[in-house]
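Take a look at the structure set out below.
The values are calculated or read from the model by the stated rules, or taken from the named source; none is laboratory data. Note that the coordinates shown come from a computational prediction; the quantities given were computed from them, not determined experimentally. Because the Cβ atoms are built from the backbone with ideal geometry, glycine has one as well, and the counts that use them run over all protein chains shown. Protein only, heavy atoms only, side chains kept; ligands, DNA and RNA dropped before computing areas. Shrake-Rupley method; radii C 1.70, N 1.55, O 1.52, S 1.80 Å.
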Amino acid sequence: MVICGVELTGNDGVVCFLGLDRGQFSLPESKVRKLSLNRNHTGEDLRQFQSAFANLMAEHCVSRVVIKERMQKGKFAGGAVSFKLEATIQLLSGPDLEVTLVPPATIKSTLAANPLPVPFAETGLKAFQETAFTVAYVGHMVAVG
């Protein structure tokens with residue numbers, strides 16, 4: 001099963017694909033590391049973002065998208081645009097693609113119980129993809145456990 005971990009920041013959806021087959025993790029090759037929403041934030045811009053995201057998921061045979069949930073209030077609250085992106089991705093959920101949110105507390109507790117099997121620096125991913133990678137890993141661990 002291939003899971004796409006997503007971290008939403010500003011106008012961008014940072015993605016990381018992580019496969020798990022018979023207990024073995026793999027990082028499928030992808031030239032796309034993030035998808036960006038046009039700064040105008042029009043309905044057409046959101047549809048284009050959604051279409052590009054859906055095509056990317058189909059291209060990588062993703063069966064589950066896991067998004068790091070952002071706080072709605074407080075010091076670490078997510079911005080309005082990131083909530084638009086989240087809704088756009090959530091609307092893709094269907095029989096072939098499951099979309100779920102994972103709260104930071106779940107990420108922390110899952111990592112405590114199931115530490116990453118390899119240091120992030122050894123994955124070959126870009127530094128800005130670390131959270132998306134962690135979210136994808138947690139998505140696998142929550143699905144297994």
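Of note:
- Alpha-carbon Debye profile of segment 1-127, log10 I(q)/I(0) at 0.11, 0.14, 0.20, 0.23 Å⁻¹: -0.40, -0.65, -1.31, -1.57
- Tensor-based shape of segment 47-117 (alpha-carbon gyration tensor, a/c under 1.5 rounded, otherwise prolate or oblate): oblate
- The slack in the chain from Leu91 to Arg39, taken as 0.36 nm per residue of separation less the alpha-carbon distance, amounts to 16.6 nm.
- 20 Å Cα-Cα reach of Lys126 towards aspartates and glutamates, excluding residues that sit fewer than 8 places from it in its own chain: Glu7, Asp12, Glu29
- Within the chain, DSSP assigns beta bridges of which about 60% are antiparallel (rounded to the nearest 5).
- Residue among Gln129, Gln48, Gln90 with the largest mean-square fluctuation in a Gaussian network model of the chain, springs linking Cα atoms under 10 Å: Gln48
- Accessible area of segment 1-79 belonging to carbon and sulfur atoms, whole % at 1.4 Å probe: 48
- Å² of accessible area per residue within the chain, as computed with a 1.4 Å probe and no ligands counted: 56
- Measuring r between the beta carbons of Ala80 and Lys108 and using R0 = 30 Å, the FRET efficiency lands at 0.70.
- Annotation for Glu29 and Cys61: the two label points, set 7 Å from Cα along the Cα-Cβ direction, are 1.5 nm apart.
- Taking the centroid of alpha carbons for each part, segment 1-23 and segment 58-129 are 7 Å apart.
- Stretching Gln48 away from Met1 to a fully extended chain increases their span by 14.3 nm, per 0.36 nm per residue minus the current alpha-carbon distance.
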